[in-house]
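Below is one structure, written out as structure tokens; comments come after it.
Derivation of every value follows stated rules applied to the coordinates shown; laboratory data play no part. Only a predicted model underlies this, so the values are computations on that prediction, with no experimental measurement involved. Using ideal geometry, Cβ is built from the backbone for each residue, glycine included, and neighbour counts are taken over all protein chains shown.
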Amino acid sequence: MSSPVSKFGAVSPDIEMRTDVRVVGAELFLLPVRTRVPLKFGSETLDSVTCARVRLQVTDRTGRTASGWGETPLSVQWAWPAELSSSERYDSMVGFCKELVPAWSGFDTWGHPIEVGHSFMQFVLPRLRQQFNDGRDAAHRLPLLAALVSLSAFDIALHDAYGMLHDVPIYTTYNREWMGRDLSWYLEPAKGAVVDFRGRYPQDFFSHPPATRLAAWHLVGGLDPLDSSEVNSQPGARQPDKPGAGSAYGFPVLLGDWIEHDGLFCLKIKLRGNDSAWDYERIVRVGKIALERGVRHLSADFNCTVMELEYVNTILDRLTAEQPAISRLLLYVEQPFAYELEDSPLDVRSVAARKPLFMDESAHSWQQVRLGRALGWTGVALKTCKTQTGALLSLCWAKAHGMDLMVQDLTNPMLAQIPHVLLAAHAGTIMGVETNAMQFYPQASVAEAQIHPGLFTRVAGQIDLTTIRGAGFGYNGAEAARKLPRPAASSRAG
């Protein structure tokens, strides 16, 4: 792209950096994983997932090459909530991933990963998605969130490859020394905000030094049993993989046992959003266990299913009146309402006045974060599954405008865990990071845990990031820890 166009429609000449790279090859691998116990997402239940693992090869202007790796679970229940069967949605996401392979290997754009990734999202992704959806009825069209999840493993691999080529940790490159453009090229302040992105770079918004230990948020899924009477009794539940005294493969099943086993002090409660009595009772039941076990923080996730503000306000007010101790534990509320803000532009200030209110599925991009802030949202839950590039730009925009941050999981196993927790370590979240792959498929990460034991085991309620070191994302050999299947798709630059 000889004359790149910014989001503002302005054209600027190329800014060549000696450190620039472009992609010259891409490979996609599909790694199936089965859950130990089911995980409920809103109205759907996940009992298996496929992780898209991507290897990108990049070159610099001298001809040197290096490879990088990225991985994301293709969680269709989260990325594409719909009445369409999960198998049809999954096939579409995999199909789109395969189309991204030649698109990346043929993407003749030079720059830092943020520059290249942003350019791909601005100019290539919309066209690819439109072509993919041509001729499909509304129910079968791939939504933007599903497209971003499909794209994210490629974008993560691009950042890793850049660090590998230059033999530096990727987070040390998000600054003036490595990037040809400052944040004003990508971001625009909110109207009336005293914010100026000129001369500023992502590193200006990071926590220094980054955390080496993080509080771990445990997910209390809608099907997770809270006492022994519920084991295998809830609709959609199934027998643990290996029967035993309340455990499967040596891992707890009951919430109280999990708290004791991992020393947990942060619990995220998945709710239905369409059954206020059930939601209130679920918060109270989990809250009482939390109080008994010394848990210090709760959050409530309604998963985009709430239709009216009063639904959430009534629950929060009732907690304050009837269960004040539990209400005090509630640190924030996550994404109760439909995630397409343009279609449902609710003014949510009445909810945010009661508890901090965080965007999750809504936060596709910094532009969506800007819209959310205008509607009264007070925080952003970042996810690497919406691309590393997009997460970093949203982080910078939100922090510049005084919004709080969290980093939320997509039940990330294996390699996907590492960029996920690194983002949290640098973001400066209000409290730790959500990490729950060890709950739902702990066996999936056995190979990677040999290298990074502290990332896949929660001790005293925390994870340990000290084994993340070296170039790129600091996989430190974890990218080669398992034998991969044959590529599902591959492509080289012509």
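How high is the FRET efficiency from Asp257 to Asp317, r the C-beta distance, R0 22 Å, rounded to 0.05?
With R0 = 22 Å, the Cβ-Cβ based efficiency is 0.10.
At a 10 Å Cβ-Cβ cut-off, how would you order Ser299, Ser365, fewest neighbours first? Write down the numbers at each step before the final one.
Working: Ser299 26, Ser365 19.
Final ranking by Cβ density, sparse to dense: Ser365, Ser299.
For chymotrypsin sites (Phe, Trp or Tyr not before Pro), no site in the stretch 187-217 is both called loop by DSSP and has at most 12 other Cβ atoms within 10 Å.
A straight Cα-to-Cα reach below 28 Å connects Lys383 with the lysines Lys7, Lys40, Lys98, Lys191, Lys268, Lys270, Lys355, Lys399, Lys483, residues fewer than 8 places away in its own chain not being considered.
With a Förster radius of 30 Å applied to the C-beta separation of Glu83 and Arg198, the computed FRET efficiency comes to 0.05.
Remark: the stretch 489-494, residue by residue, has Karplus-estimated 3J(HN,Hα) of 6, 8, 7, 10, 4, x Hz, where x stands for each Gly or Pro and the curve is 6.51 cos²θ - 1.76 cosθ + 1.60 at θ = phi - 60°. Modelled spin-label separation between Arg492 and Ile15, with each label point placed 7 Å from Cα along the Cα-to-Cβ direction: 3.4 nm.
Over the chain, calculate the relative contact order: mean separation of alpha carbon pairs under 8 Å at least 6 apart, over the residue count, as a percent. Numbers along the way, then the final one.
Values: 1012 pairs, mean separation 100.0, N = 494.
Dividing the mean separation by the residue count of the chain yields 20 percent.
When you filter the trypsin sites (Lys or Arg not before Pro) in the stretch 457-494 for DSSP loop state and at most 11 other Cβ atoms inside 10 Å of their Cβ, you are left with Arg469, Lys483.
Please work out the C-alpha center-to-center distance from the stretch 149-223 to the stretch 423-494 and express it in whole Å. For the stretch 149-223 versus the stretch 423-494, the Cα centre distance is 17 Å.
Just in the stretch 74-161: which trypsin sites (Lys or Arg not before Pro) are loop by DSSP and have at most 12 other Cβ atoms within 10 Å? Don't skip to the answer; put the middle values down first.
Numbers: sites: Arg89, Lys98, Arg127, Arg129, Arg136, Arg141; in loops: Arg136, Arg141.
When the trypsin sites (Lys or Arg not before Pro) of the stretch 74-161 are filtered for loop state and at most 12 Cβ neighbours within 10 Å, Arg136 remain.
Could you please report the charge total around Val351, scoring K, R as +1 and D, E as -1 over all other residues with beta-carbon less than 12 angstrom from its beta-carbon? Cβ neighbours under 12 Å give a net charge of -2. Here Thr457 and Ile430 are evaluated by their C-beta separation; at R0 = 22 Å the FRET efficiency comes out at 0.40.
Per-residue ellipticity at 222 nm computed for the chain from its helices equals -9500 deg cm²/dmol, with DSSP H segments shorter than 4 residues left out and the rest contributing -39,500 (n - 2.57).
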